[in-house]
Amino acid sequence: MQNFGSNNDLDEKGHVMTDQPKIKVKFEPKPKPSTCPICTVEYYQQFFDIEQRDVYMRIRCSLLSWKPEFYQCVGKNPDLWGPLWISTTIIFILFAGGNLSRFLLEEDKRHFKYEYNYMYVAVLVVYAMAFIIPIILGVIMKYILKSELGVFEIVCMYGYSLSVYMFVLILCIIPYNEAQWFFLMCGLANSTIFLLVNLWDFMKKNKQTTLIAVPIISFNVALILCFKFYFFRLIYAVDD
Amino acid sequence: MEFEVQENQGNNSIQGIINLQPQVNQVNQVQSQQQEIQIKQTDIQVSSTLEESVAVTLLRDLRQIGVKLRCVLVPTMSTDNARELRNWDLWGPLVFCLMLALTLSLSGNNDDGPGIFATIFVLIWVGSFVVTLNAQLLGGKVSFFQSVCVLGYCVFPINLGALFTLFFQFFYLKMFLVIGCFLWSTYSAVGFMKLLIPEQKRILALYPVILFYLFLSWFALIV
């Protein structure tokens, strides 16, 4: 072994270098205090442990909603990437498409007034539907109705159930009343069937658990009514 | 691992010893290796930055912003670029964010100037934060502020697009300009971010970047 310096070297000022270090820099990982595990980034990394192939399969499961295959797709690995970015895409489509739909119908295109409130309302409505409502339902199901599904699995399911609206809302830009209702009804049917089919095992247990279908259906209906009457409302010019 | 260094003010150098962890070799003898290193620092800045004039300070910061802007926007993927971007700063993103928010809120087509300013400002910072957090959660080896810095610098083409749309009112020209600026921003940001994410998760990390610049470009187009 080649010695690059012996242990008792003196430097130019006469100090022994190894025994009296002046500046010491140590690389040691500090142990992290775990006061709030749900607040750390590492806790949420387990929900982003998916690949693009998995996301594609899950969205496909949700679009083919009559097949109860979602749990086989998800396995033990519910993710939060899908719910987050599907709902953000829907917010963008509502903001851009809602105004575009009104613009196409407007006769006086020069004085078209763009409604920026669409963004704030869209953020409220879509994030409530994608996160707040499934968290409440999941907590009720897990702790009161004793289901074996966790809260994050319900959030994941709700998030992917909204994926059909990404396509439906783009089609709703067409400014015809009947067309918009048709597309929204298709979206409602697909989304609700997806949720009910995948929760069927839980719902058929007893009468109480079957009642969970009521809030699911009513929130979905409320969502499309909000889409139709706020974002894609068609105000025709009044003939004098 | 530890290293101990001492300043040697006589010849402006620092000398030190790196203590690697003791290694046990095959005959069970513990050997610890020490290496003496000599680092000469030839360009030590003797005067502090408090003593220089304001103009010199501002020009230096502006020059650094300009250098980083060129690295980010002429995406050549060289190692110099990568090294330059590691010295992140948030002045550049702040300047471009303010410029974009001001330009869009002052444009004549809308009557909600302060609202637009606030929306764009919040959108840029919260958007960069969320996109970076998303990349980190997907397991990317991305330093938080470095990524926010690059996303902020890549807003510059959309800034240019917004400035042009102030002057040209012809809609199809505006549309082409904004689409061009959106593609330029996205290409730069994607070029930086895709190096840091594993292959199977790349689209999952890049889609939010595309959505972020799409939001901003849409604002530049409609306002």
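Using θ = phi - 60° and the Karplus relation 6.51 cos²θ - 1.76 cosθ + 1.60, list the HN-Hα couplings for the range A:158-175 in order, rounded to whole Hz, with x at every Gly or Pro.
Ordered by residue, 3J(HN,Hα) equals 4, x, 6, 5, 7, 5, 5, 5, 4, 7, 4, 6, 5, 5, 6, 5, 4, x Hz.
For labels at residue A:41 and residue B:163 in the simple 7 Å Cα→Cβ model, what's the distance in nm?
My value for the distance between the label points is 3.4 nm.
Projected area of the range B:98-223, taken from the Cα convex hull and averaged over every viewing direction, in nm²?
Working: hull surface 28.1 nm².
That works out to 7.0 nm².
Using a 1.4 angstrom probe on the protein heavy atoms only, line up A:170, A:217, B:197, A:59 by accessible area, largest first.
Working: A:170 95, A:217 70, B:197 10, A:59 35 Å².
The ordering from most to least exposed comes out as A:170, A:217, A:59, B:197.
How big is the accessible area of residue B:88 in square angstrom, nearest 10, if you roll a 1.4 angstrom probe over the protein chains?
110
Roll a 1.4 Å probe over the protein heavy atoms and report the accessible area of residue A:81 in Å², nearest 10.
For residue A:81, solvent-accessible area is about 20 Å².
For B:105, A:87, write out the residues from largest to smallest accessible area, computed with a 1.4 angstrom probe and no ligands counted.
Values: B:105 20, A:87 0 Å².
Ranked from most to least accessible, the order is B:105, A:87.
Using a 1.4 Å probe and ignoring any ligands, DNA or RNA, find the accessible area of residue A:35 and quote it in Å² to the nearest 10.
Its heavy atoms expose roughly 130 Å² to the probe.
Can you give me the distance in nm between label points at residue B:90 and residue A:214, each placed 7 Å from the Cα along the Cα-to-Cβ direction?
Result: 5.0 nm between the two label points.
Total accessible area buried between chains A and B, 1.4 Å probe, in Å² to the nearest 100?
Working: alone 15680 and 14310 Å², together 26060 Å².
Summed over both sides, the interface buries about 3900 Å².
Taking the simple approach of a point 7 Å from Cα along Cα-to-Cβ for both residue A:120 and residue B:56, what is their distance in nm?
The two pseudo-label positions are separated by 4.9 nm.
For B:212, B:144, give me the order by solvent-accessible area with a 1.4 Å probe, most accessible first, ignoring ligands, DNA and RNA.
Of B:212, B:144, the descending order of accessible area is B:144, B:212.
Holding the Cα-Cα limit at 29 Å, pick out from B:68/B:201; A:113/B:194; B:68/B:194 the pairs that are longer than that. Don't jump to the answer; show the numbers that get you there.
On the way: B:68/B:201 27 Å; A:113/B:194 39 Å; B:68/B:194 19 Å.
Pairs exceeding the cut-off: A:113/B:194.
Could you check how much of the accessible area of the range B:59-222 is carbon and sulfur, as a whole percent, using a 1.4 Å probe? All intermediate terms of the calculation are to be shown ahead of the outcome.
Numbers: 5640 of 7790 Å².
C and S fraction of accessible area: 72 percent.
Whole-Hz Karplus ³J(HN,Hα) for the range B:215-220, in order, using 6.51 cos²θ - 1.76 cosθ + 1.60 and θ = phi - 60°, x for Gly and Pro?
3J(HN,Hα) across the range B:215-220, in whole Hz: 4, 5, 5, 4, 4, 5.
The values are calculated or read from the model by the stated rules, or taken from the named source; none is laboratory data. Quick caveat: nothing in here was measured; it's all calculated off a predicted structure. FYI the Cβ positions are ideal-geometry reconstructions off the backbone, even for glycines, and counts take in every protein chain you see. Accessible surface areas use protein heavy atoms only, side chains included; no ligands, DNA or RNA. Shrake-Rupley method; radii C 1.70, N 1.55, O 1.52, S 1.80 Å.
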